[in-house]
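S.K.: First the structure, then my questions, so here it is.
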Amino acid sequence: MRLLSVIVPVYNSEKTIWKCIKSIIRQTYHYLEIIVIDDGSSDKSYEICKALADSDNRIKLLKNKHSGVTAARKAGVNMASGEYIAFVDSDDWIEAHYFEKLMEDLAEIDVVITEDYIIEQNQENKTVSVRHFEEGIYSGNEIENIVEKFITPNGIDCCLWNKILRTSSVQAAIRNVRDEIYLFEDLAILLQILIAADKIKLFNIGGYHYCVNSNSLIHSAHKDYLLNLHFLFNFLDSVLEQCPYNEKLIKGFWRYMRFLAMQTPYYLDLKIQDSDVLFQDVYYPYYGRLENARIILYGAGYIGTSYYYHIINDKETEIVAWVDRQPDKCRGGGGCVRPPDIIHKVKYDYIILAVKEEKVALEIKAELIKAGVPQDIILWNKTKIISPVF
């Protein structure tokens, strides 16, 4: 049986930390050390952790000056003596079987990833189960595909808490990450680990409860957000420069960084109203899905204009026509928006409906089908205004 080091950084989590640590104590996988790093809490978090540590000798408790989550994780990783490491956030909790399942059959495995988890928000639970790859063990060139999907906006979650990681890999990676990178530092750590991995196991087992807390770090204002982003970009850029398949990753990396940059108003707490579209952007949902395709973009309002600039900047697809029912009233396109009747005069592979309301999308789709357009090449996704990620 392999020793698993479970690292829990804590900062002012008195309302959630008892449930979090108790859920780890109660794991059916007993061969654990639980490393709790109190990052200078000013509430009763440390006292709660101390009481729990006194009741279970598997808990190692350290109280630090407040230095941020990256420094806290470094301290925990340096204390780890297990062959593998797992991270649990202090707001969250795990079901009793969680680690037992993830620790099965780990011979020569460097990373275990599960894409199943439960989001808890406002007393409601939502099970997330996104399948980017089939379950199994991946090695060699197959790992390149996982890394590529990891560093794109709609790819594998770039969080530490849904993974089991070889301790030596985490120790080697985290020491390179400066403490000032305290948002999306998971990405900085994991990118190094995944690139260096020889074997990655995907095993989708639920049991991690991600609890959305409006007061948590990811949902707070950060006046130094742009500085954090600057450090993150430079670090990830340097990691990718050393990667032997850099060219395969660079476009996804640019998209990811642009995605994070577009969230700047939210992290700076600029109090933007939903109706104020000047600082909003729409997430483009077709990254990597329509490469080299010829596209008709249907809709030239705010959503269509946002899609338009995503497409022309990424150069994955070719817009052969941009159409709208009222082309003369469209806000974007510099006069290149045409009426829908041009659809029958150009060659195309897909029609993307860039409209917000599903009712409107269904009306347009019905019109197109009636006009002879095959149903399976008409695409529509519910609009997602970019906002802070979990």
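S.K.: Looking only at the range 295-323, count every residue that is aromatic (Phe, Trp, Tyr) and either open to solvent by 40 Å² or more (accessible area, probe 1.4 Å) or closer than 18 Å to TYR256 by Cα (or both) and tell me the total.
M.R.: 4
S.K.: (1) in a helix (DSSP H, G or I); (2) of a type in the set (Asp, Glu); (3) open to solvent by less than 20 Å² (accessible area, probe 1.4 Å): which one isn't true of GLU33, the others all being true?
M.R.: Every listed condition holds for GLU33 apart from (1).
S.K.: Check off (1) over 26 Å from the mean Cα position of the chain (by Cα); (2) not in a loop (DSSP other than H, G, I, E, B) for ILE21 and give me the number that stays unchecked.
M.R.: Condition (1) is where ILE21 drops out.
S.K.: Could you list, in sequence order, all residues of the range 7-27 that are aliphatic (A, V, I, L, M) and buried (at least 19 other Cβ atoms within 10 Å of the Cβ)?
M.R.: Matches in the range 7-27: ILE7, VAL8, VAL10, ILE17, ILE21, ILE24.
S.K.: Also: Return yes when ASN57 is open to solvent by 60 Å² or more (accessible area, probe 1.4 Å), more than 21 Å from the chain's Cα centre (by Cα), at pLDDT 95 or above and under 23 Å from PHE184 (Cα atoms) and no when it is not.
M.R.: Spelling it out, it is not the case that ASN57 is open to solvent by 60 Å² or more (accessible area, probe 1.4 Å), more than 21 Å from the chain's Cα centre (by Cα), at pLDDT 95 or above and under 23 Å from PHE184 (Cα atoms).
S.K.: Can you find, within the range 178-210, the residue that is surrounded by the most Cβ atoms within 10 Å (Cβ to Cβ) among those that are part of a helix (DSSP H, G or I) and touching a strand residue (DSSP E or B) at 6+ places or on another chain (Cβ under 7 Å)?
M.R.: Across the range 178-210, the extreme among qualifying residues is LEU194.
S.K.: Next question. Say whether the condition of being open to solvent by 20 Å² or more (accessible area, probe 1.4 Å), modelled with pLDDT of 95 or more and within 30 Å of LYS199 (Cβ to Cβ) is met by at least one residue in the range 39-51.
M.R.: No - not one qualifying residue is present in the range 39-51.
S.K.: Would it be correct to say that PHE150 is at positive phi and aromatic (Phe, Trp, Tyr)?
M.R.: no
S.K.: May I ask you to say which residue of GLU120, GLU115, GLU135 is more than 24 Å from ASN213 (Cβ to Cβ), out of contact with any helix residue (DSSP H, G or I) (no Cβ under 7 Å at 6 or more places or on another chain) and at pLDDT below 95?
M.R.: On inspection, the qualifying residue turns out to be GLU135.
S.K.: Separate question: Scan the range 65-90 residue by residue and report those that are outside any helix (DSSP H, G or I) and buried (at least 19 other Cβ atoms within 10 Å of the Cβ).
M.R.: Matches in the range 65-90: GLY68, ALA80, TYR84, ILE85, ALA86, PHE87, VAL88, ASP89, SER90.
S.K.: Inspect all residues belonging to the range 53-60 and state whether any of them is small (Gly, Ala, Ser) and either touching a residue at least 40 places away in the same chain (Cβ under 8 Å) or in a loop (DSSP other than H, G, I, E, B) (or both).
M.R.: Looking through the range 53-60, none of the residues is small (Gly, Ala, Ser) and either touching a residue at least 40 places away in the same chain (Cβ under 8 Å) or in a loop (DSSP other than H, G, I, E, B) (or both).
S.K.: May I ask you to list pairs of residues, at least six apart or on different chains, whose Cβ atoms are under 9 Å apart, with the first in the range 28-43 being in contact (Cβ under 8 Å) with a residue 60 or more places away in the chain and the second being open to solvent by less than 10 Å² (accessible area, probe 1.4 Å) and of a type in the set (S, T, N, Q)?
M.R.: LEU32/SER5
S.K.: Take the residues in the range 348-377 that are hydrophobic (A, V, I, L, M, F, W, C) and in a helix (DSSP H, G or I), then tell me which one is most open to solvent (accessible area, probe 1.4 Å).
M.R.: Ranking the candidates gives LEU362 first.
S.K.: Taking the range 91-117 only, how many residues are in contact with a Phe, Trp or Tyr (Cβ under 7 Å, 6 or more places away or on another chain) and open to solvent by 10 Å² or more (accessible area, probe 1.4 Å)?
M.R.: Residues in the range 91-117 being in contact with a Phe, Trp or Tyr (Cβ under 7 Å, 6 or more places away or on another chain) and open to solvent by 10 Å² or more (accessible area, probe 1.4 Å): 3 in total.
S.K.: If you don't mind, another one. Identify, please: which residue in the range 157-177 is of a type in the set (Val, Ile, Thr) and closer than 23 Å to TYR98 by Cα and is, among those, surrounded by the most Cβ atoms within 10 Å (Cβ to Cβ)?
M.R.: VAL170
S.K.: Can you tell me which residues in the range 126-143 are surrounded by 15 or more Cβ atoms within 10 Å (Cβ to Cβ) and in contact with a Lys or Arg (Cβ under 6 Å, 6 or more places away or on another chain)?
M.R.: Those that are surrounded by 15 or more Cβ atoms within 10 Å (Cβ to Cβ) and in contact with a Lys or Arg (Cβ under 6 Å, 6 or more places away or on another chain): HIS132, ILE137.
S.K.: Moving to a separate point now. Which ranges mark the strands (runs of 3 or more DSSP E) fully within the range 96-160 that have 2 or more residues being over 17 Å from ALA86 (Cβ atoms)?
M.R.: Correct list: 116-121, 124-129, 136-139.
S.K.: Next question. Taking the options GLY140, GLY155, name whichever one is without any contact (Cβ under 8 Å) to a residue 12 or more places away in the chain and closer than 30 Å to GLU247 by Cα.
M.R.: From the options GLY140, GLY155, the qualifying one is GLY140.
S.K.: Still on this structure: List every residue pair whose Cβ atoms sit under 6 Å apart, with the two residues 6 or more apart in sequence or on different chains, where the first one lies in the range 335-358 and is touching a residue at least 12 places away in the same chain (Cβ under 8 Å) and the second, anywhere, is open to solvent by 70 Å² or more (accessible area, probe 1.4 Å) and of a type in the set (Lys, Arg).
M.R.: What qualifies is TYR348/ARG294; ASP349/ARG294.
The values are calculated or read from the model by the stated rules, or taken from the named source; none is laboratory data. Owing to the predicted nature of the structure, the values given are computational and were not obtained by experimental measurement. So basically every Cβ, Gly included, is an ideal-geometry build from the backbone, and we count neighbours across all protein chains shown. Heavy atoms of the whole protein, side chains included, go into the accessibility calculation; ligands, DNA and RNA do not. Shrake-Rupley method; radii C 1.70, N 1.55, O 1.52, S 1.80 Å.
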